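Colleague: Pasting a structure here, questions to come.
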Amino acid sequence: MNSFFYLFRILLAYGDNKDVVLAGKGTGGLAELKGQLNNNQVNFGVVRVRAVDDHGSKRAKFVFVTFVGAGVVSYSYF
């Protein structure tokens, strides 16, 4: 059976000056990441996952997440 272990995650968002700022980080995996998403922001995240296959091979994978909250108005960030 394949297994996945969430090791670390980071969440970024646009700040007041259109800078990319740290919005959250932790080791709680996707559940913790989901709890820190803001419906009024555009968020970007990276989750580091350790995958283990049936043969015991271990490797790190990185998952990139883009979240556009329902409350985000049409706006150009650039």
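Derivation of every value follows stated rules applied to the coordinates shown; laboratory data play no part. None of the values given here were measured: they were computed from a predicted structure. Virtual Cβ from ideal backbone geometry, glycine too; neighbours counted across all protein chains shown.
Colleague: Under 14 Å from the Cβ of Arg9, count the other residues' Cβ atoms, weight Lys and Arg +1, Asp and Glu -1, and hand me the total.
Modeller: On the way: positive: Lys25, Lys34, Arg48, Arg50, Lys61; negative: Glu32.
Value of the local net charge: +4.
Colleague: Also, quick follow-up: Once both labels are modelled 7 Å past Cα along the beta-carbon direction, what's the Glu32-Ala60 spacing in nm?
Modeller: 1.6
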